[in-house]
Amino acid sequence: MQIPLDLLREMDSAAREIAFEAGSILMGGFRSQSTTISYKSRTDMVTSMDSESEKFICREIWKRFPGHAIVAEEGSGRETGSDYLWYVDPLDATNNYAHGIPFFCVSIAAMLKSSGKIVCGAVYDPCHDELFHACRGSGAFLNGKAIRVSATSDHGIALFSTGFPYAKDDMEHNNLKELARILPQIQCIRRLGSAALDLCYTACGRIDGYWEPMLKPWDTAAGSLVLTEAGGTVSRYNGDPFDPEFPEIAATNGKLHGYLVGMLCGN
Ligand code: IPD
Ligand code: CA
Ligand code: CA
């Protein structure tokens, strides 16, 4: 099934507008005494603003698209049986936010379930007033201007980002093996703290690639579309097609994809 063009356009603008508004809500609670912090586990923080932003986003999506399904990180979503499914991360990089570090975003994407494809996505970084968005087949944009991935093909001068799962003591999945293999060969690594912005930064050529294990679909759904629409490549570690429900992502400007997948597979 195809989405009617008018509906796709409406969903695309909604994702952008709602992400932007939610970003203002987050700014209202940033570095504020009234924002409370709790812990899902020793290393996984959540703030009162995560749920405030999420409730706003779900309410706005359902106001415009009653009946659509939503999967949202803090649990305000609902499965409705609709073919239209929204993935919502109301605050990506909660750790940065809770520590007063001005680098976080809102990430909203919509998928047509029967096609298995993300159809539009928006990622808004309110500290830098940067709105990334993409609609399948129409390119990727930052504040309305088309963006492209970098042209770097030499991994020796490539800047990558990565992230480390909350369970740091799980040696199988804590990303230390991969880091030790890749870091000595490339220019350097960044740990920005937001999977959605890692993907968008790859999309606009600020970094050349990104990988991370143990992610959730709300972390990667919007950013993966922004990146592929900007000319980049996303996959699983072994090069198989990317699936937001599968927890790992290898993401590059395309030219470095063979290199990154080879390294993640231990070759
Ligand atoms: C996290 C961020 C981080 C990544 C974690 C995610 P959250 O999302 O994207 O960069 O390393 O795996 O869970 O919890 O701040 O929404
Ligand atoms: Ca997240
Ligand atoms: Ca989050």
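Every number here is computed from the coordinates shown, using simple stated rules; none is lab data. Only a predicted model underlies this, so the values are computations on that prediction, with no experimental measurement involved. All Cβ positions, glycine included, derive from the backbone under ideal geometry; neighbour counts span all protein chains shown.
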Fill in the blank from the handout: Here the qualifying pairs (Cβ atoms under 8 Å; residues six or more apart or on different chains; first in segment 40-55 and near ligand 1 (Cβ under 9 Å from one of its atoms); second in a helix (DSSP H, G or I)) come out as MET45/THR94; MET45/ASN95; MET45/ALA98; VAL46/THR94; ASP50/THR94
Problem - Condition check for ILE101: among the aliphatic types (A, V, I, L, M), within 16 Å of ligand 3 (Cβ to nearest atom) and farther than 20 Å from SER38 by Cβ - result: no
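What strands (runs of 3 or more DSSP E), lying completely within segment 134-206, carry at least 1 residues that are in contact (Cβ under 8 Å) with a residue 40 or more places away in the chain? If you could, list the steps in order and put the result at the bottom.
Values: elements: 140-142, 159-162, 188-190.
Output list reads 140-142, 159-162.
I'd like to verify a number: residues in segment 4-18 that are surrounded by fewer than 20 Cβ atoms within 10 Å (Cβ to Cβ) and of a type outside the set (Ser, Thr, Tyr), how many? Before you say what the answer is, go through the steps one by one.
The initial filter retains those residues of segment 4-18 that are surrounded by fewer than 20 Cβ atoms within 10 Å (Cβ to Cβ), namely 4-10, 13, 17.
Adding the requirement that they be of a type outside the set (Ser, Thr, Tyr) leaves 4-10, 17.
Count: 8.
Quick one: in segment 70-93, which of the residues that are aliphatic (A, V, I, L, M) and touching a residue at least 24 places away in the same chain (Cβ under 8 Å) is farthest from ligand 3 (Cβ to nearest atom)?
Taking segment 70-93 as the starting set, the residues that turn out to be aliphatic (A, V, I, L, M) are 70-72, 85, 88, 91, 93.
From the residues that got through so far, the ones that are touching a residue at least 24 places away in the same chain (Cβ under 8 Å) too are 71-72, 85, 88, 91, 93.
Numbers: VAL71: 12, ALA72: 9, LEU85: 18, VAL88: 9, LEU91: 5, ALA93: 8 Å.
The residue in question is LEU85.
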Handout entry: Condition broken by SER32, with the remaining ones in (1) within 16 Å of ligand 2 (Cβ to nearest atom); (2) part of a loop (DSSP other than H, G, I, E, B); (3) small (Gly, Ala, Ser) satisfied
Key = (1)
Fill in the blank from the handout: Of those in segment 183-212 that are among the polar types (S, T, N, Q) and over 23 Å from ARG16 (Cβ atoms), the residue farthest from the chain's Cα centre (by Cα) is GLN185
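Do you know which of the residues in segment 160-172 that are more than 18 Å from GLY262 (Cβ to Cβ) and touching a strand residue (DSSP E or B) at 6+ places or on another chain (Cβ under 9 Å) is surrounded by the most Cβ atoms within 10 Å (Cβ to Cβ)? Spell out the reasoning first.
Keep residues of segment 160-172 that are more than 18 Å from GLY262 (Cβ to Cβ), which gives 161, 163-172.
This time we only want the ones that are touching a strand residue (DSSP E or B) at 6+ places or on another chain (Cβ under 9 Å), so: 161, 163-165.
Details: SER161: 25, GLY163: 21, PHE164: 17, PRO165: 16.
Top of the filtered list is SER161.
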Handout entry: Conditions (1) of a type in the set (A, V, I, L, M, F, W, C); (2) in a helix (DSSP H, G or I); (3) under 30 Å from ARG16 (Cβ atoms); number of the one not met by LEU215
Key = (2)
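Take segment 234-267 and flag every residue that is in contact with a Ser or Thr (Cβ under 7 Å, 6 or more places away or on another chain), assigned to a helix (DSSP H, G or I) and aliphatic (A, V, I, L, M). Don't jump to the end; show me each part of the working.
Step one: filter segment 234-267 for residues in contact with a Ser or Thr (Cβ under 7 Å, 6 or more places away or on another chain), giving 234, 241-242, 244, 249-257, 260-261.
Then keep just the ones that are assigned to a helix (DSSP H, G or I); that gives 257, 260-261.
LEU260, VAL261, listed by residue number.
Please pick out the residue among THR162, THR152 that is more than 15 Å from the chain's Cα centre (by Cα) and among the polar types (S, T, N, Q). Step through it out loud before you land on a result.
Numbers: THR162 fails: more than 15 Å from the chain's Cα centre (by Cα).
Unique residue meeting the criteria: THR152.
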Problem - For SER32: the one exception among (1) touching a residue at least 12 places away in the same chain (Cβ under 8 Å); (2) out of contact with any strand residue (DSSP E or B) (no Cβ under 6 Å at 6 or more places or on another chain); (3) of a type in the set (Ser, Thr, Tyr) - result: (1)
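Among the residues of segment 193-227, which ones are among the charged types (D, E, K, R) and in contact with a helix residue (DSSP H, G or I) (Cβ under 8 Å, 6 or more places away or on another chain)? Walk me through it before giving the result.
At the first step, the residues of segment 193-227 found to be among the charged types (D, E, K, R) are 198, 206, 208, 212, 216, 219.
Scanning segment 193-227 gives ASP198, ASP208, GLU212, ASP219.
Quick grid of which residues meet (1) more than 25 Å from GLY266 (Cα to Cα); (2) more than 16 Å from ligand 2 (Cβ to nearest atom):
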residue	(1), (2)
LEU142	yes, yes
ILE147	yes, yes
SER161	no, no
HIS173	no, yes
ASP208	no, yes
GLU212	no, no
THR228	no, yes
